[in-house]
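The structure appears right after this line, and notes come after that.
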Amino acid sequence: MSRHLADDIDQRYVTPTPDVHGMSSWSAHPHQGWAREYRTAPIVMDELYLAAGSMPIVFEPIQNGARPVALIDCGAGNMILESGHWAGAYVPGILRAHPFAPDADGGVRLDPDSAFFNDSPNGKRLFDPLGIPTPDFAKVQSFCAALGPALRRSQALGTALWQSGVLQPA
């Protein structure tokens, strides 16, 4: 059975720090093949109209509520082709951010197991030699600063819909 990206983010991703990741770097991913094993990926309400034209959107039950997610793998088909390329017109922000993801407050979390992250300075560095975020990593921080709170608000909306009875289990 496929996994849920939100679960992996919660369980495996770490907060990058200059002490631990001072020499680390990442590279851009040319496709979304890394996410092929996932069944769902969280989306924010602001991207709902863009995502809904490309993929099924569902509300995934979570403790005491629900969150909006893009259904990447619906069993009969996968939004990520065998080649690793995305089959739709819109790629959710959480997938575009990889190997990073926001925390609920807009901080940055990092997938330490990603093939696009490494513990060497070969690639886009996270921090300069003084421990200051590089311009490339500052862009990631800015993206996560907007996406994290948007995910939290979207989950709050999904939970409100769930708790009010508007959403029901299938």
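The values are calculated or read from the model by the stated rules, or taken from the named source; none is laboratory data. None of these values were measured; they are calculated from a predicted model. A quick note on method: Cβ atoms are made from the backbone with ideal geometry, for glycine too, and the neighbour counts reach across all protein chains shown. These area figures cover heavy atoms from the full protein model, side chains too; ligands, DNA and RNA do not enter into them. Shrake-Rupley method; radii C 1.70, N 1.55, O 1.52, S 1.80 Å.
Could you run through segment 132-170 and say how many residues are touching a strand residue (DSSP E or B) at 6+ places or on another chain (Cβ under 8 Å) and part of a loop (DSSP other than H, G, I, E, B)?
Residues in segment 132-170 being touching a strand residue (DSSP E or B) at 6+ places or on another chain (Cβ under 8 Å) and part of a loop (DSSP other than H, G, I, E, B): 3 in total.
Of the residues A89, A104, only one is assigned to a loop (DSSP other than H, G, I, E, B), among the aliphatic types (A, V, I, L, M) and within 28 Å of R125 (Cβ to Cβ); which?
On the way: A89 fails: within 28 Å of R125 (Cβ to Cβ).
Sole residue among the options that is assigned to a loop (DSSP other than H, G, I, E, B), among the aliphatic types (A, V, I, L, M) and within 28 Å of R125 (Cβ to Cβ): A104.
Might you let me know whether segment 6-27 holds any residue that is open to solvent by 60 Å² or more (accessible area, probe 1.4 Å) and closer than 12 Å to P99 by Cβ?
Looking through segment 6-27, at least one residue is open to solvent by 60 Å² or more (accessible area, probe 1.4 Å) and closer than 12 Å to P99 by Cβ.
If I ask for residues that are in contact (Cβ under 8 Å) with a residue 12 or more places away in the chain and either open to solvent by 60 Å² or more (accessible area, probe 1.4 Å) or within 13 Å of the chain's Cα centre (by Cα) (or both), which ones from segment 72-86 would you list? Step through it out loud before you land on a result.
First, the residues of segment 72-86 that are in contact (Cβ under 8 Å) with a residue 12 or more places away in the chain: 72-74, 78-80, 83-86.
Matches in segment 72-86: I72, C74, S83, H85.
For segment 116-128, check the following and say yes or no: at least one residue is in a helix (DSSP H, G or I) and either modelled with pLDDT under 95 or surrounded by 14 or more Cβ atoms within 10 Å (Cβ to Cβ) (or both).
Checked segment 116-128: no residue is in a helix (DSSP H, G or I) and either modelled with pLDDT under 95 or surrounded by 14 or more Cβ atoms within 10 Å (Cβ to Cβ) (or both).
For residues in segment 34-71 being closer than 13 Å to Q155 by Cα and part of a loop (DSSP other than H, G, I, E, B), which is most open to solvent (accessible area, probe 1.4 Å)?
It comes out as Q63.
Suppose we filter segment 87-96 for residues that are surrounded by 18 or more Cβ atoms within 10 Å (Cβ to Cβ) and either in contact with a Phe, Trp or Tyr (Cβ under 7 Å, 6 or more places away or on another chain) or under 12 Å from W34 (Cα atoms) (or both); how many remain?
Here the count works out to 1.
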